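Read through the structure below, which is laid out as structure tokens, and then see the notes.
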2 protein chains.
Amino acid sequence: MVGEFVVRPVGRVESPLTDRAQAPKQGDEGAPDCWLVFEPAMADALRDVRVGAEVLVLTWFDRASRDVLAVHPRDDESRPLTGVFSTRSPDRPNPVGLHRVTVLAVAGVRVQVRDLEALDGTPIVDVKPVLDRDTER
Amino acid sequence: MVGEFVVRPVGRVESPLTDRAQAPKQGDEGAPDCWLVFEPAMADALRDVRVGAEVLVLTWFDRASRDVLAVHPRDDESRPLTGVFSTRSPDRPNPVGLHRVTVLAVAGVRVQVRDLEALDGTPIVDVKPVLDRDTER
């Protein structure tokens, strides 16, 4: 048995996307620009995030199903059931989303980004810089 | 105010690294090979993870400080204090680690990987495939 840990969101996504049916499967497949709205207490954590940076945003898919262990990738029934650890399905035991986005604007604790496929209101867990080893770590 | 969410670890890291002082700052800076030991209930989620695959492992840095908002990168006091959202410091409000690793072996719910800089016993939150857009998303 392993313990449990509490995620306290550091902010929320503001997006025109409001339901999963309209959301693209990946951020570079037509996601609208949206805003990351951070808690005021997070200003110091955020202070070095700059316009033009590519960053990784971790979210909590709060409308996902956590008891799903295998899915048809991209909801395509013709594709074989695949263990969720080999897919980016939001339905998974700990529904953390990982999004690589470009920062378009910073206004206080509001950060506008491109290529984020999360629904409006999605909690933000963390932001990390992209570390290049030519690819993300 | 935003709600809270509970992370239920899907496994733990088995590593010869037992304290932060000896851990490398990034996995490709000399991290030893180690094992991801999953909960038996996660077998279906894991079933398509193959030897040779590069995957992203998300961990929970359970020995990190969650009230740290700015750090000297890489513990180098000569570098200016930097907001944690622009660093990979384990000390951050939600201490989720993101590790790109190569799968060396799979034995039931035990998965051996290269380049994981997590300490022994670190809880595993999730595993995701690397999606190439030449870089990680």
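The values are calculated or read from the model by the stated rules, or taken from the named source; none is laboratory data. Since we're looking at a predicted model, the values are computed, not measured. Cβ sites come from the backbone with ideal geometry, for glycine too, and all protein chains shown count toward neighbours. Please note that ligands, DNA and RNA were not included when accessible areas were found on the heavy atoms of the full protein model with its side chains. Shrake-Rupley method; radii C 1.70, N 1.55, O 1.52, S 1.80 Å.
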Quiz item: What is the number of the single condition among (1) open to solvent by less than 40 Å² (accessible area, probe 1.4 Å); (2) within 7 Å of another protein chain (Cβ to nearest Cβ) that residue A:38 does not meet?
Solution: (2)
Exercise. Mind counting the residues in region B:1-35 that are part of a loop (DSSP other than H, G, I, E, B), surrounded by 15 or more Cβ atoms within 10 Å (Cβ to Cβ) and modelled with pLDDT of 85 or more?
Key: 5
Quiz prompt | Test: residue in region B:92-101 that is open to solvent by 20 Å² or more (accessible area, probe 1.4 Å) and within 13 Å of the chain's Cα centre (by Cα) | solution = no
Quiz item: Only one of (1) free of Cβ contacts under 8 Å to residues at least 12 places away in the same chain; (2) open to solvent by 20 Å² or more (accessible area, probe 1.4 Å); (3) hydrophobic (A, V, I, L, M, F, W, C) is not met by residue A:51, so which one is it?
Solution: (1)
Quiz item: Here is a list of conditions, (1) more than 9 Å from chain A (Cβ to nearest Cβ); (2) touching a Phe, Trp or Tyr at 6+ places or on another chain (Cβ under 8 Å); (3) in contact (Cβ under 8 Å) with a residue 60 or more places away in the chain; (4) of a type outside the set (Asp, Glu), and residue B:125 meets all of them except one; can you say which number that is?
Solution: (1)
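Among the residues of region B:40-81, write down those that are part of a strand (DSSP E or B) and not charged (D, E, K, R). Spell out the reasoning first.
Applying the first criterion (part of a strand (DSSP E or B)) to region B:40-81 yields B:54-60, B:70-71.
Of everything in region B:40-81, those that are part of a strand (DSSP E or B) and not charged (D, E, K, R) turn out to be B:55, B:56, B:57, B:58, B:59, B:60, B:70, B:71.
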Exercise. Would you check if residue B:92 is touching a helix residue (DSSP H, G or I) at 6+ places or on another chain (Cβ under 9 Å), more than 7 Å from chain A (Cβ to nearest Cβ) and within 25 Å of residue A:9 (Cβ to Cβ)?
Key: no
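Return the only residue of B:69, B:46 being within 7 Å of chain A (Cβ to nearest Cβ), buried (at least 18 other Cβ atoms within 10 Å of the Cβ), over 25 Å from residue A:89 (Cβ atoms) and modelled with pLDDT of 95 or more.
The unique qualifying residue is B:69.
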